1. Looking only at residues that are in a loop (DSSP other than H, G, I, E, B) and at pLDDT 95 or above in segment 113-154, which one is surrounded by the most Cβ atoms within 10 Å (Cβ to Cβ)?
2. Between 163, 185, which is modelled with pLDDT under 95 and over 16 Å from residue 8 (Cα atoms)?
3. Applying the selection to segment 64-74, what residues are under 20 Å from residue 23 (Cβ atoms) and in a helix (DSSP H, G or I)?
4. I'd like the full set of residues that are touching a residue at least 24 places away in the same chain (Cβ under 8 Å) and not in a loop (DSSP other than H, G, I, E, B), limited to segment 78-92.
5. Do you know which of the residues in segment 38-63 that are in a helix (DSSP H, G or I) and under 16 Å from the mean Cα position of the chain (by Cα) is farthest from residue 5 (Cα to Cα)?
6. Can you name the condition, by its number, that residue 40 falls short on among (1) more than 19 Å from residue 171 (Cα to Cα); (2) buried (at least 20 other Cβ atoms within 10 Å of the Cβ)?
7. In segment 10-35, which residues are within 30 Å of residue 115 (Cβ to Cβ), part of a helix (DSSP H, G or I) and in contact (Cβ under 8 Å) with a residue 24 or more places away in the chain?
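The values are calculated or read from the model by the stated rules, or taken from the named source; none is laboratory data. Here the structure is a predicted model, which is why all the values come from computation and not from measurement. Cβ placement follows ideal geometry from the backbone for every residue including glycine, while neighbour counts extend to all protein chains displayed.
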């Protein structure tokens, strides 16, 4: 059975500043483009049977610069819609809500472009992606280019854990890889946050 490779897009100005970038299509920085290019040699060693990506440009550009071909944009891989927290840092969110935790408390509604999603909604999208990917793993490795929180959810759901277990994984750094392999017919996290 093939491995699932989860790739976080390269650095953006918002990832540097810690701002929540859900649906806002923030471009890669020059450093983010270099991070994406640096992934190419590692990814070239794999015979990928499929590549999926968030439709946001920061993910698609990462896939392109990393040398991935045949990329299938998938709306279900769009980052968590942070609603009224879009563009804010965790510190700014915690000013009025000192104990706020995304995984426990979710988000507040935003405007029409950022209505917000709760954990169960994002988890349902991730589960739909995994339903499409699982049969492909019988034929080889599959790569997914996505976002920080979405990568955490994708990982824990592939491992068969509750979506709230995403809080147990450190936030993936921009331009890094995670490998989900199989041991004794069970998915396992083989690597996390690999540059």
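1. In this case the residue turns out to be 147.
2. On the way: 163 fails: modelled with pLDDT under 95.
When all the criteria are applied, what remains is 185.
3. Within segment 64-74, the subset under 20 Å from residue 23 (Cβ atoms) is 71-74.
Selection gives nothing.
4. Passing the criteria: 83, 84, 85, 90, 91.
5. 57
6. The failed condition is (2).
7. 14, 15, 17, 32
Residue-wise test of (1) closer than 23 Å to residue 157 by Cβ; (2) at pLDDT below 95; (3) surrounded by fewer than 21 Cβ atoms within 10 Å (Cβ to Cβ); (4) touching a strand residue (DSSP E or B) at 6+ places or on another chain (Cβ under 6 Å).
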residue: 5; (1), (2), (3), (4): yes, no, no, yes
residue: 19; (1), (2), (3), (4): no, no, yes, no
residue: 35; (1), (2), (3), (4): no, no, no, no
residue: 57; (1), (2), (3), (4): no, no, yes, no
residue: 76; (1), (2), (3), (4): yes, no, yes, no
residue: 88; (1), (2), (3), (4): no, no, yes, no
